[in-house]
Amino acid sequence: MKCLLFFFLMTVLSTSLHVPVATAAASIAKTIVVNPSGTGDFRSVQEAVNSVPDYNNQWIKIHLASGVYRFDRHCCSCAKHAGACSREGAQKTSIEWGDYASDSRGHDTASCGTFTSYASNIVVAGITFKNTYDGYSHTKQAVAALIAGDKSSLYSCGFVGYQDTLADLFGRHYFKGCYIQGVTDFIFGLGQSIYEVSTRTCRDSIRVHGSP
């Protein structure tokens, strides 16, 4: 059960950092609210993602109500551009699952992620992605998030795991105001990324300072 691609399409790109940025002229064509209580447009993120048409070229925001989202498969083609955020913030809104490499369902490092994005020009804001696999007893690759699209920006998000927490796989990415936690190779990949980090780091976490 994966969380695949469901964040902002940014039509205006930064010329200096080559990452998506918001501007006053940007407008959201539609906002979709996800709330498991039934008070929103959809109860699950998957339903909201499926409602966005392929080859969409407008800003569509999917707002997640606060809470923990589990047992929810979120799939989207690389041609489908939509966005999601949480105004309540990453401490109150999380997407969690516990797949890991070589588990009983045959996952590997690339396919075990709780969240995976291959789309370009996205912005992720205010959500925590967590892989709940307990790696202390048997260390396995258990990815919380895999980012492989170009020009992706992530603000005030959390990435929590043990081994291989954040797969900064390919493309140019920008991380600001995020929290990244893990122990073994917890940030890895071939991404050409900018992390706004402080000099204060420790064995198992990095806090990326700033705010969007």
Notebook entry, point to check: Applying the selection to segment 85-119, what residues are within 22 Å of VAL49 (Cβ to Cβ) and either in contact with a Leu (Cβ under 6 Å, 6 or more places away or on another chain) or among the acidic types (Asp, Glu) (or both)?
Noted result: SER86, GLU88, THR93, GLU96, ASP99, GLY113, THR116, SER117, ALA119
Notebook entry, point to check: Cβ-Cβ below 9 Å, separation at least six or inter-chain, first residue in segment 42-66 and part of a helix (DSSP H, G or I), second modelled with pLDDT of 80 or more and of a type in the set (Asp, Glu): which pairs?
Noted result: GLU47/ASP41; ALA48/ASP41
Item checked: Hits in segment 156-173 - residues which are modelled with pLDDT of 90 or more and outside any loop (DSSP other than H, G, I, E, B) -> GLY158, PHE159, VAL160, LEU166, ALA167, ASP168, ARG172, HIS173
Check: Right, GLY191: at pLDDT 90 or above and over 17 Å from THR139 (Cβ atoms) or not?
Finding: yes
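The values are calculated or read from the model by the stated rules, or taken from the named source; none is laboratory data. Predicted model only: the values in this text are computed from it and were never measured. Ideal geometry is used to build each Cβ from the backbone, glycine not excepted, and the neighbour counts take in all protein chains shown.
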